[in-house]
Amino acid sequence: QVQLVESGGGLVQPGGSLRLLCAASVSISSMLIMNWYRHAPGKQRTVVATISSGGSTNYADSVKGRFSISRDNARNTVYLQMTSLKPEDTAVYYCRAFLPNAGVYWGQGTQVTVSE
């Protein structure tokens, strides 16, 4: 069974920074795609960042230039570095992984709140 555990969320002031971590219970080297999603109350869940097994990345327009996704295969961990945070970034952030011949797995989520 594959488990994804997010951490690093919390309360931060606008303009501040936060780094989220997604720790996997198995090697992530075989995970073709890993993503960070976010879901705010009353809003649709959306993908904010994507990284492939080859290291290529993609970002939602709303976070380009502010967020950076990376992966450390040796530590089985994916990161989301968030800078210049805005109140509209407030949401529960979820880690997602796609493994060929296995399927899609989700973490439990970590709360990020951006407020004075």
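Observations
- Value of relative contact order over the chain, rounded to a whole percent, pairs C-alpha under 8 Å and six or more apart: 37 percent
- Remark: the chain carries 52 Å² of accessible area per residue (probe radius 1.4 Å; ligands, DNA and RNA excluded).
- Carbon plus sulfur fraction of accessible area for the chain, probe 1.4 Å, in percent: 48 percent
The values are calculated or read from the model by the stated rules, or taken from the named source; none is laboratory data. Please read these numbers as outputs of a predicted model, since none were measured by experiment. Ligands, DNA and RNA are stripped out before the accessible areas are found, and what is left, the full protein with its side chains, is counted by its heavy atoms. Shrake-Rupley method; radii C 1.70, N 1.55, O 1.52, S 1.80 Å.
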